[in-house]
Amino acid sequence: MNKILASGWTKAVVFLMCLVPALLLGSGWYKEALGPNPVENITHTTGDWTIRFLLITLSVTPLRKLLHLPMLIRFRRMLGLFAFFYGCLHLTTYLWLDQFFDWAGIWKDIYKRPYITAGFTAWILLVPLALTSTSWAIRKLGGKRWQLLHRLIYFSALAGVIHYYWLVKSDIRLPLMYGAILLVLMLYRAIIWFRPKARAGGSF
Amino acid sequence: MSNLRYSQVTPKSEYLNRRRFLAGGAAAVGALVLPVSTYAGAKLSGVTKSPLSTTEPATPFEAITGYNNYYEFGTDKGDPAKNAQNFKTSPWTLTIEGNVAKPKTLDLDGIMKIAPLEERIYRHRCVERWSIVVPWIGFSLSALLQQVEPNSKAKYVAFQSYYDPKQMPEGKHAGIQLPYLEGLRIDEAMHPLAMLVVGLYGEVLPNQNGAPLRLAVPWKYGFKSIKSIVKIKLVEKEPPTAWNLANAHEYGFYSNVNPEVDHPRWSQAKERRLPGFATRPTLKFNGYGDQVAGLYTGMDLKKYY
Ligand code: HEM
């Protein structure tokens with residue numbers, strides 16, 4: 001398995017798979033097949049994939065350990081960047097198709113409407129992570145500091161879940177589900193951090 | 001049907017498509033089992049055109065019937081069109097009771113005969129910032145209310161939807177209390193624009209649009225226009241309403257369309273006319289202010305949102 005994961009082909013395939021939602025949106029747009037309310041459709045699809053990719057990215061570390069697949073690390077940066085990619089599409093949809101670059105209205109939304117504030121916070125937190133995603137940046141920052149900085153993704157995912165929870169009208173099942181997944185992923189980390197140090201240095 | 005010309009309000013290709021779809025699908029099945037006048041897709045005859053109609057082009061049939069908020073059948077806009085297909089609208093019983101001299105119980109046939117059918121093309125503005133233009137078929141709610149003779153204690157009209165968790169299994173995820181409840185002040189309910197709807201686009205109302213009987217109150221946000229009505233009660237006090245019970249801070253009893261009063265989570269200044277991308281400014285009372293503003297003189301519409 002680790003061998004398959006190490007292959008360049010696998011990475012290319014995963015890359016293409018990550019692009020599928022965007023390609024489907026693109027072809028739907030081209031064929032005018034996004035339903036009566038295309039803006040809502042695009043906003044929801046890109047929002048859904050942003051939170052999903054954030055959570056998938058956060059699953060990499062636990063899955064590596066639990067499944068003994070260290071090679072999964074090869075995909076983490078790409079998955080994180082896809083979260084940012086969908087987040088940017090999502091934000092662009094809002095700025096362009098929803099608000100038509102009405103900056104006064106947008107600014108008002110960001111400070112006045114808690115769910116937009118939360119969404120915007122989630123996106124802003126991803127910006128420094130995307131900017132420092134290169135190997136050069138890791139070297140420049142040093143592993144420790146880079147790792148610390150990249151813990152911002154926890155807060156981004158949390159803000160993303162809150163954003164979703166605040167925006168639904170009444171059916172809160174999906175935001176709660178994403179919240180529960182995030183909770184499990186964070187609990188895993190909490191257990192690792194708070195485990196007695198003696199054991200952490202032990203056999204695994 | 002010959003006096004109704006939908007080609008005037010719908011792009012021709014859409015109109016032809018729809019004809020083919022209906023001829024092949026629902027009509028063929030429905031005709032075998034239900035009385036001719038009351039299954040979704042059946043033609044409604046003797047419909048006159050109402051002067052209350054807007055001249056704006058009607059939203060295509062596919063959009064009106066494929067994009068619905070009807071939480072009993074699911075919270076996604078596409079859910080009702082899928083999940084309401086087998087909803088049983090026959091037999092149906094509507095009761096009108098409360099502070100009236102002549103309470104009534106009507107079956108489908110009786111509902112269709114409350115008053116002569118009119119086609120009224122109304123703007124419909126959803127609280128979620130989208131709008132459509134719908135050629136409803138029905139009559140003024142006042143026609144029914146006059147028949148039951150409300151007494152002096154009838155200050156409000158309460159409406160209740162059908163709810164059957166067996167037929168509407170998605171309803172338990174609605175996140176709002178069901179059966180759906182709505183209400184109007186008596187003078188609002190008696191206003192000629194307030195309409196009981198039994199059809200659209202010349203045909204019996206599709207299930208996903210609230211068959212067999214729904215309300216259309218065009219100057220209020222769409223959720224006030226309750227679907228699949230089984231009970232109308234004339235009452236003395238302001239009745240509870242579904243969205244107000246779910247979130248009083250966001251959804252008031254009146255819920256008049258008003259670009260000056262924001263929803264706490266979004267501005268109501270603009271709306272998106274479906275299908276498509278274009279937005280337009282939202283008009284106070286959804287553009288029906290000339291007719292209905294008088295109902296609210298002296299009222300602070302920010303307080304009574
Ligand atoms: C990492 C950042 C973000 C994540 C994870 C995220 C996630 C989501 C999700 C899951 C949805 C709901 C989709 C659905 O209902 O299917 C959504 C909707 C939405 N988001 Fe975001 N979002 C983010 C950032 C933003 C930003 C920056 C904005 C705007 C400034 C924004 C504006 C919206 C809007 C307007 C909606 C639609 C609300 C409605 O239903 O009317 N989001 N987002």
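Values in this text are rule-based calculations from the coordinates and carry no lab data. Quick caveat: nothing in here was measured; it's all calculated off a predicted structure. Because the Cβ atoms are built from the backbone with ideal geometry, glycine has one as well, and the counts that use them run over all protein chains shown.
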Being without any contact (Cβ under 8 Å) to a residue 24 or more places away in the chain and small (Gly, Ala, Ser) is true for just one of A:Ala137, A:Ala118, A:Ala122, A:Ala130. Which residue is that?
A:Ala137
The one condition B:Glu271 fails out of (1) within 17 Å of B:Phe223 (Cα to Cα); (2) in a loop (DSSP other than H, G, I, E, B); (3) within 16 Å of the ligand (Cβ to nearest atom) is (2)
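Here's the yes/no breakdown for (1) within 11 Å of the ligand (Cβ to nearest atom); (2) closer than 26 Å to B:Cys126 by Cα:
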residue	(1), (2)
A:Lys112	no, yes
A:Pro128	no, no
A:His150	no, no
A:Ile162	yes, yes
A:Ala180	no, no
A:Val184	no, no
Residue pairs, Cβ under 9 Å, 6 or more apart or interchain, first in segment A:96-114 and at positive phi, second within 12 Å of the ligand (Cβ to nearest atom) and hydrophobic (A, V, I, L, M, F, W, C). List them.
A:Phe101/A:Leu95
Where a residue in segment A:2-24 is without any contact (Cβ under 8 Å) to a residue 24 or more places away in the chain and its partner, wherever it lies, is in a helix (DSSP H, G or I) and exposed (fewer than 13 other Cβ atoms within 10 Å of the Cβ), with Cβ under 7 Å and at least six apart:
A:Thr10/A:Ile4
Looking only at segment A:164-174, count every residue that is in a helix (DSSP H, G or I) and either more than 10 Å from the ligand (Cβ to nearest atom) or in contact with a Gly (Cβ under 6 Å, 6 or more places away or on another chain) (or both) and tell me the total.
1
Considering only segment B:257-264, I want to know if a residue exists there that is assigned to a strand (DSSP E or B) and within 11 Å of chain A (Cβ to nearest Cβ).
yes
Being crowded, with 17+ Cβ neighbours inside 10 Å, more than 14 Å from chain A (Cβ to nearest Cβ) and of a type in the set (Val, Ile, Thr) is the filter here; which residues of segment B:55-90 pass it?
B:Thr89
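Residues checked against (1) under 30 Å from A:Leu176 (Cβ atoms); (2) in contact (Cβ under 8 Å) with a residue 40 or more places away in the chain; (3) away from every other protein chain (no Cβ under 14 Å); (4) not in a loop (DSSP other than H, G, I, E, B):
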{"residue": "B:Gln167", "(1), (2), (3), (4)": "yes, yes, yes, no"}
{"residue": "B:Lys172", "(1), (2), (3), (4)": "yes, no, no, yes"}
{"residue": "B:Gln177", "(1), (2), (3), (4)": "yes, yes, no, no"}
{"residue": "B:Pro192", "(1), (2), (3), (4)": "no, yes, yes, no"}
Is at least one residue of segment B:226-244 without any contact (Cβ under 8 Å) to a residue 60 or more places away in the chain and within 14 Å of another protein chain (Cβ to nearest Cβ)?
yes
Take B:Gly175 and tell me if it is over 23 Å from B:Tyr288 (Cα atoms) and in contact with a Ser or Thr (Cβ under 7 Å, 6 or more places away or on another chain).
yes
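The rows are residues; the columns are (1) in contact with a Lys or Arg (Cβ under 9 Å, 6 or more places away or on another chain); (2) polar (S, T, N, Q).
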site: B:Ala143; (1), (2): no, no
site: B:Gln147; (1), (2): yes, yes
site: B:Ala158; (1), (2): yes, no
site: B:Leu181; (1), (2): no, no
Tell me the residue from B:Thr93, B:Thr89 that is more than 16 Å from the ligand (Cβ to nearest atom) and over 30 Å from A:Asn37 (Cα atoms), please.
B:Thr93
Subset of segment B:43-56 (residues that are over 20 Å from B:Leu193 (Cβ atoms) and in contact with a Pro (Cβ under 9 Å, 6 or more places away or on another chain)):
B:Gly46
Please pick out the residue among A:Arg151, A:Arg173, A:Arg145 that is exposed (fewer than 14 other Cβ atoms within 10 Å of the Cβ) and within 14 Å of chain B (Cβ to nearest Cβ).
A:Arg173
Among what's in segment A:80-107 and is more than 10 Å from the ligand (Cβ to nearest atom) and among the small types (Gly, Ala, Ser), pick the residue that is nearest to A:Gly26 (Cα to Cα).
A:Gly80
Restricting attention to helices (runs of 4 or more DSSP H) lying wholly within segment B:53-155, give those where 3 or more residues are of a type in the set (A, V, I, L, M).
B:108-112, B:141-148
Is it the case that A:Thr93 is within 14 Å of another protein chain (Cβ to nearest Cβ), under 22 Å from the mean Cα position of the chain (by Cα) and free of Cβ contacts under 8 Å to residues at least 60 places away in the same chain?
yes
Being among the hydrophobic types (A, V, I, L, M, F, W, C), more than 16 Å from the ligand (Cβ to nearest atom) and either away from chain B (no Cβ under 14 Å) or under 25 Å from A:Ala122 (Cβ atoms) (or both) is the filter here; which residues of segment A:33-73 pass it?
A:Val60, A:Leu63, A:Leu66, A:Leu67, A:Leu69, A:Met71, A:Leu72, A:Ile73
Single unsatisfied condition, A:Arg139 versus (1) among the basic types (Lys, Arg); (2) away from the ligand (no atom under 13 Å from the Cβ); (3) surrounded by 12 or more Cβ atoms within 10 Å (Cβ to Cβ)
(3)
Boolean, B:Ile176 is of a type outside the set (Asp, Glu), out of contact with any helix residue (DSSP H, G or I) (no Cβ under 9 Å at 6 or more places or on another chain) and under 30 Å from B:Thr279 (Cα atoms):
no
